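> Below: one structure in structure tokens.
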Amino acid sequence: MNEKPDESVVVIENLTKVFKDFWRRPKVCAVDNISISIKRGEVFGLLGPNGSGKSTTIKVVLGLLHATRGQVRVLGRVPTDVSVKERLGYLPEESHLYLYLTARETLDLYGKLFALEKRIRKERTEQLLEMLGLVDAADRPVGEFSKGMARRIGLAQALINDPDIVILDEPTSGLDPVGCRQVKDLILTLAGRGKTILLCSHLLADVEDVCDRIAILYRGRIRAHGQVSDLLEERDSLRVTMPAMPPGLTQEVLKLLKEKTGTEPALDHPAMDLETFFLDVLKEASARSEPGSRPAGERSVADYLRPGS
Amino acid sequence: MFLKTLAIASLTVRSAVRSRLLICLLVILFVVTLGIPLSVRGDGTALSEVKILLLYTLGTGSVILGLATLWASCSAVSHEVEHKQIRTVVVKPVGPYLLWFGKWIGIVILDAVLLLLMGLLTYALLFMSLRSAGSEPEDLGTINSQVLTARRLFLPKEVDLSSEVHRTVDELKRTGQMPEDVSEEETMQLIYRRLRARRTTVAPGASLSWEFDTQGLNTSRGSLFLRYRIGSSIGGSRQITGTWRVDAGKNGDSFNTGPIPMADGRHLIEIPASTISPGGNVTVRFENAAKGSSRTVIFHGDNHLELLAPAGGFLLNMVRSLLVVFCYLVVLAALGVTAGILFSFPVATFAAFSLSSIVLIVGFFAFSSSLTVCDHHDHDHGGGKASVMERVGETMLEGLEMALSPVRGIAPLGRLADGVYVPLWTVVRAVLILGVVCPGILGLLGGYCMSRRELAAN
Amino acid sequence: MNKRANIFLVVATVGCLALAAFQNRSLSETRSNRVGDLTGIANPAPIVTFVTVVLGGFRGLIADVLWLRATRLQDEARFFELAQLAEWITQLEPSCTQIWAYHAWNMSYNVSVMMSDDEDRWRWVNNGVRLLRDKGIPANPEDPRIYCELGWLYQHKIGKDMDPAHMTFKMKLAESVQALLNGEGPDYAALEVNSKLARDLARDFSLDLRVMQRIDRTYGPLDWRLPETHAIYWAYLGKRRANGEKQLPANRIIYQGMAYSFFLGDLISQEGGLSRAPRWPLLPKVHTAFKDALAAHDDDENITEAYVGFLRNAVLVLHAYGKEDESKATFDTLHELAPSTETQAGLELFVGNNNIRMASPGYVREILASLPGKVSP
């Protein structure tokens, strides 16, 4: 496949998906004539409430569902093409794993399905287990895992082949804040390596943190789409951030602004978000109780997923 | 490709092991193998006990394995679709055909292991029971010569009756005696049947000969046996006396039994190996004793006369039989996996079970239908014409029987229990038809349906 | 469209249910007529309960498939599975007496005659007997027909001389009973109901010591090594479970059995085998058996004929053995029952005119064989 930097790797054109009942009668139109184009290296988010058609769109992109109308191309081919699947990684909405396999066996199995060499499988498995904090649970059947742990192993299997396109359905669902941050960091790391990421979520903060572009779906249709910064920018207002000033100087600046613009400017202290604060607290607590240990949420990214590898 | 197939196959095997299916089957097979000989009785002879052990133990075990195969293979895909694990598999570079193949191979491996264990257990049990039961030496001899062996069956050469049929029809036409209410074809069939009947009836004082082509016969393994089935003109009577003569011309000694009394039923006489030399023709002749000391003898059935020659050992025959059984399991696995792709688990199990049952019982129904057809053709007794529905049913059964005949008709366990050689060709045929062609067709169907099916629709 | 389809479906459902309800009554009637009511059995065997309740309607289908297999195997002269198949088929339809009777009869008559060896024949005759005695009767303890079927097998297949191997059958039966009783019958006075012998008799022959004693008191003492005695035993039990005309088959077996027992009821062990001779003390009890049957069945013509036949042969046999008084008394009974010019002519002329060597029943020849020097057969 010839690949150009600006090439659209996922193209959805006029996609409509209608679910039918047993008698082939239309039951519900889950996706209604949507068109999306995702470029290489882009992190694209599908946003929307439950039942808006996000997961359905993803499933059509993966070939798990067939389009009723319109067409979908992944890397220029139909989604069911095996060569496309070689370069895909998919984390389903819920991690449906083989409950009797251990975490290590699970990753080995999926590695085999990509026909990875034994040495590579072993290396990647260990790195992914380390990255996702599952080393201690590596030999436990995944049936015994908590939802968060199952989610992590689900994410690990999606990355075992070092995919070019990663499709994540509700990636942070069921994860604790540490896990959420880790996933978001990972997404950014992968994007930094030129991977294309398509994710869907209804957690707006997640999408805002990592996505370059988003599309908002409601009742199967795209209601808004574009760059996150463009969509969220309030062009008729301005924020200036600077070190704290003496109170007199602050009053003078405010007065001057009021005189010049004729409006009352607002003044506040910028606040860190709760997630950053929470992680800082954990980091500090961890450093105090176990000096020298790696703080929670700071596990290294698997070597083969790091930039430059 | 190999790695992917192996991964899916091992996943299927592991699923069976972890879900305790394998251990349950092992226990059931163990209980069946030990329990059947204790609970099923023969006709009271040591020979029948051995036959029962072989036929019923291996037969029941095979049926259980077949049912388990259907169940496991139906669940192999449908269960994963239902529990959504399939979604993480099909988005990997595994084509639908490869997925089907991997699942099938997994079940086939399980079957191979279980069948092997069952065979070993039965074999061990057979010889242990023979040693420990303290059977009479005479019984042991009979068992050795009639069950624990592999005898090739030679049937008499078919006598071409067509020219005689045509001659008779010409004669009837010439003399104007052709029946008007029956077609010429039916008349010819009747004449053929009558001539054939003559080839199976011997009046007192008369004799009847058969010729055997002994190509491929091996006389180095010991005595041969002539097995025949007779009935007398008066049922239940034992007033039949006859002499059997076996003559191989210049190629061997001639042998005769002298006049022996015999009853209705199936009999076996031993023929010294020196009588027959391989490769030539052997003539077998039955001479019925004169009126007063014997009655008219009727040779019953298609297999009224068989020459049995030792052709190999019991163990290898058992291996060949189990290979054929294995081929049946292989085709059941293919059927189950395909059904599991097409339907949900309960529907797939029902569909696969029904289809296999039809294949199994169509022979029974065709058999009973043939009896009914005979009744309908019995014009003389005014048996009444078959209704349209009956005709349609019969035609459908015949069609089904014809379509399924390559799959059916290979009954290795019956032969094994009868000490009859299971030819290599039978095994090759089973492997080709049941192990390759049928699974191939089912695999293509399964793979195609898999590629068309929406696996995330639920 | 959907609404109309729904209405159609509702109407179709109601229609189907109504049709099913309509059919249900006739089906229930047919079923109760054909299958009978299992609840009538006081203590059905576990296997009977299992196949009736668990398999439901499928048992008929399974029985059919097994029956077809049995037919095919029999057709191919492959008999070794037949006993087991017969047992399974009958247990799948446990309350159908005809099926039990057919399979027992098939093994005892059809299959046995396919065997060249006498021992093999006996095994198959015994398979039929065992099917009825050990399985069929416990499954249908209140059905008089099945008792009579078993009585018939003892009386006809083992007791008569239709089969060339009949002496082997008799010998085998006698040997097996002798092994337990060590004589012709149990010593009731010295036995308790729970004695080892009683248990052995129940185990090997399903015989109840109390019933045996009652039969010996009524009809005997009989020789329990003989098939006729067993035939009488089972017919007696069948008779107790029937009323009116339904007692006829049982009564037939009883009076015929008594007649045989009179003519050949003494078993004599000889070198080279067994021989039988008349059992004289039974004569009054044979009369009683016939008279009871005549009374119960309104002087049935066939019973009268059978009685006359017995009397004629008895007169000749008694006379041949020199038992003049008994012969005369029997002749008088014959004359009373069926007076004819032949009987009016008197005993001596009757005996003179009826050549005993020409007497038709085969057993007469056997009786005469036990009289060396007196009358040569």
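> Can you tell me which residue in the stretch B:133-157 is nearest to the chain's Cα centre (by Cα), limited to those that are at pLDDT 80 or above and in a helix (DSSP H, G or I)?
Filtering first and then ranking leaves B:Gln146.
> Only one of these is more than 30 Å from A:Ile216 (Cβ to Cβ), part of a loop (DSSP other than H, G, I, E, B) and among the aromatic types (Phe, Trp, Tyr): A:Tyr100, A:Tyr110. Name it.
Going through A:Tyr100, A:Tyr110 in turn, just one is more than 30 Å from A:Ile216 (Cβ to Cβ), part of a loop (DSSP other than H, G, I, E, B) and among the aromatic types (Phe, Trp, Tyr): A:Tyr100.
> Residues in the stretch C:276-294 that are among the small types (Gly, Ala, Ser) and at pLDDT below 85: how many?
1
> Those residues that are surrounded by fewer than 22 Cβ atoms within 10 Å (Cβ to Cβ) and over 21 Å from the mean Cα position of the chain (by Cα), I need them from the stretch B:41-74; list them, please.
Passing the criteria: B:Arg41, B:Gly44, B:Thr45, B:Ala46, B:Trp71.
> Can you name every residue in the stretch B:13-50 that is within 14 Å of chain A (Cβ to nearest Cβ) and in a helix (DSSP H, G or I)?
B:Val13, B:Arg14, B:Ser15, B:Ala16, B:Val17, B:Arg18, B:Leu21, B:Leu22, B:Ile23
> On the basis of being facing chain A (nearest Cβ under 10 Å), surrounded by fewer than 22 Cβ atoms within 10 Å (Cβ to Cβ) and out of contact with any His (no Cβ under 7 Å at 6 or more places or on another chain), does B:Ser10 make the cut?
yes
> Considering every residue within the stretch C:246-257, establish whether at least one is modelled with pLDDT under 85 and crowded, with 19+ Cβ neighbours inside 10 Å.
Checked the stretch C:246-257: at least one residue is modelled with pLDDT under 85 and crowded, with 19+ Cβ neighbours inside 10 Å.
> Any chance the stretch A:200-211 includes a residue that's of a type outside the set (Ser, Thr, Tyr), surrounded by 13 or more Cβ atoms within 10 Å (Cβ to Cβ) and over 17 Å from the mean Cα position of the chain (by Cα)?
Looking for residues that are of a type outside the set (Ser, Thr, Tyr), surrounded by 13 or more Cβ atoms within 10 Å (Cβ to Cβ) and over 17 Å from the mean Cα position of the chain (by Cα), one finds none in the stretch A:200-211, hence no.
> For residues in the stretch A:180-196 being within 16 Å of A:Asp206 (Cα to Cα) and touching a Leu at 6+ places or on another chain (Cβ under 9 Å), which is surrounded by the fewest Cβ atoms within 10 Å (Cβ to Cβ)?
Ranking the qualifying residues of the stretch A:180-196, first place goes to A:Thr189.
> When you scan the stretch C:70-126, how many residues do you find that are assigned to a loop (DSSP other than H, G, I, E, B) and facing chain B (nearest Cβ under 9 Å)?
Result for the stretch C:70-126: 9.
Rundown of residues vs (1) closer than 30 Å to B:Ala457 by Cα; (2) more than 14 Å from chain A (Cβ to nearest Cβ); (3) under 26 Å from the mean Cα position of the chain (by Cα); (4) not in a helix (DSSP H, G or I), yes/no style:
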| position | (1), (2), (3), (4) |
| --- | --- |
| B:Glu80 | yes, no, no, no |
| B:Arg87 | yes, no, no, no |
| B:Lys92 | yes, no, no, yes |
| B:Leu98 | yes, no, no, no |
| B:Leu115 | no, yes, yes, no |
| B:Leu121 | no, yes, yes, no |
| B:Arg131 | no, yes, no, no |
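> While we're looking at this one, here's another question. Can you tell me which of B:Ala206, B:Ala273 is farther than 25 Å from B:Pro310 by Cα and either at pLDDT below 80 or not β-branched (Val, Ile, Thr) (or both)?
Criteria check complete, one pass: B:Ala206.
> Another question, then. Could you list, in sequence order, all residues of the stretch C:225-238 that are buried (at least 23 other Cβ atoms within 10 Å of the Cβ), closer than 16 Å to C:Arg133 by Cα and of a type outside the set (Val, Ile, Thr)?
If the condition is that a residue be buried (at least 23 other Cβ atoms within 10 Å of the Cβ), closer than 16 Å to C:Arg133 by Cα and of a type outside the set (Val, Ile, Thr), then C:Pro227, C:Glu228, C:His230, C:Ala231, C:Tyr233, C:Trp234, C:Ala235, C:Gly238 are the ones that fit.
> Would you check if A:Ala215 is farther than 21 Å from A:Val301 by Cβ and part of a strand (DSSP E or B)?
yes
> How many residues does the stretch A:92-118 contain that are within 9 Å of another protein chain (Cβ to nearest Cβ), under 23 Å from B:Glu82 (Cβ atoms), surrounded by 23 or more Cβ atoms within 10 Å (Cβ to Cβ) and in contact (Cβ under 8 Å) with a residue 24 or more places away in the chain?
4
> Evaluate the following for B:Thr60: is it part of a helix (DSSP H, G or I), within 14 Å of chain A (Cβ to nearest Cβ), of a type in the set (Val, Ile, Thr) and out of contact with any Ser or Thr (no Cβ under 7 Å at 6 or more places or on another chain)?
The answer is no for B:Thr60.
To keep it simple, each residue is scored yes or no on (1) farther than 20 Å from B:Thr45 by Cβ; (2) surrounded by fewer than 23 Cβ atoms within 10 Å (Cβ to Cβ); (3) in contact with a strand residue (DSSP E or B) (Cβ under 9 Å, 6 or more places away or on another chain).
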residue	(1), (2), (3)
C:Asn110	no, yes, no
C:Arg123	no, yes, no
C:Asn127	no, no, no
C:Pro144	yes, yes, no
C:Leu150	yes, no, no
C:Glu184	yes, yes, yes
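> So which pairs qualify, if the first residue must be in the stretch B:159-175 and surrounded by 14 or more Cβ atoms within 10 Å (Cβ to Cβ), the second must be part of a loop (DSSP other than H, G, I, E, B), the Cβ gap must be under 9 Å, and the two must be at least 6 apart or on different chains?
These pairs meet every condition: B:Leu161/B:Arg199; B:Val169/B:Met178; B:Leu172/B:Met178; B:Leu172/B:Pro179.
> Then there's this: Please tell me if B:Leu208 is surrounded by 14 or more Cβ atoms within 10 Å (Cβ to Cβ) and either assigned to a helix (DSSP H, G or I) or more than 33 Å from the chain's Cα centre (by Cα) (or both).
no
> Let me ask something else. Which ones in the stretch C:186-197 are under 24 Å from C:Ala250 (Cβ atoms) and either crowded, with 17+ Cβ neighbours inside 10 Å or basic (Lys, Arg) (or both)?
Residue satisfying the conditions is C:Pro186 alone.
> Then there is this: How about the stretch C:96-108: which of its residues are of a type outside the set (A, V, I, L, M, F, W, C), touching a helix residue (DSSP H, G or I) at 6+ places or on another chain (Cβ under 6 Å) and surrounded by fewer than 24 Cβ atoms within 10 Å (Cβ to Cβ)?
C:Thr97, the sole residue that qualifies.
Results for (1) within 11 Å of chain B (Cβ to nearest Cβ); (2) modelled with pLDDT of 90 or more; (3) in contact with an Asp or Glu (Cβ under 9 Å, 6 or more places away or on another chain); (4) not in a helix (DSSP H, G or I), shown as yes or no for each residue.
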| site | (1), (2), (3), (4) |
| --- | --- |
| A:Val31 | no, yes, no, yes |
| A:Ser35 | no, yes, yes, yes |
| A:Gly45 | no, yes, yes, yes |
| A:Val60 | yes, yes, no, no |
| A:Val84 | yes, yes, no, no |
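> Same structure again: Of everything in the stretch B:254-294 that's within 14 Å of chain C (Cβ to nearest Cβ) and among the charged types (D, E, K, R), which residue is farthest from the chain's Cα centre (by Cα)?
Among residues in the stretch B:254-294 that are within 14 Å of chain C (Cβ to nearest Cβ) and among the charged types (D, E, K, R), the one farthest from the chain's Cα centre (by Cα) is B:Asp264.
> Right, something else. Kindly check whether there is at least one residue in the stretch B:429-448 that is surrounded by fewer than 21 Cβ atoms within 10 Å (Cβ to Cβ), within 30 Å of A:Val78 (Cβ to Cβ) and within 14 Å of chain A (Cβ to nearest Cβ).
Checking the stretch B:429-448: at least one residue is surrounded by fewer than 21 Cβ atoms within 10 Å (Cβ to Cβ), within 30 Å of A:Val78 (Cβ to Cβ) and within 14 Å of chain A (Cβ to nearest Cβ).
> Against the condition part of a strand (DSSP E or B), in contact with a His (Cβ under 8 Å, 6 or more places away or on another chain) and either buried (at least 22 other Cβ atoms within 10 Å of the Cβ) or at pLDDT below 90 (or both), how does A:Ala224 come out, does it pass?
no
> Quick one: in the stretch A:35-65, which of the residues that are closer than 16 Å to A:Thr16 by Cα and surrounded by fewer than 16 Cβ atoms within 10 Å (Cβ to Cβ) is nearest to the chain's Cα centre (by Cα)?
A:Ser37
The values are calculated or read from the model by the stated rules, or taken from the named source; none is laboratory data. Worth saying up front: this structure is predicted, and the values here are computed from it rather than measured. Heads up, the Cβs are rebuilt from the backbone with ideal geometry, glycines too, and the neighbour counts pull from every protein chain shown.
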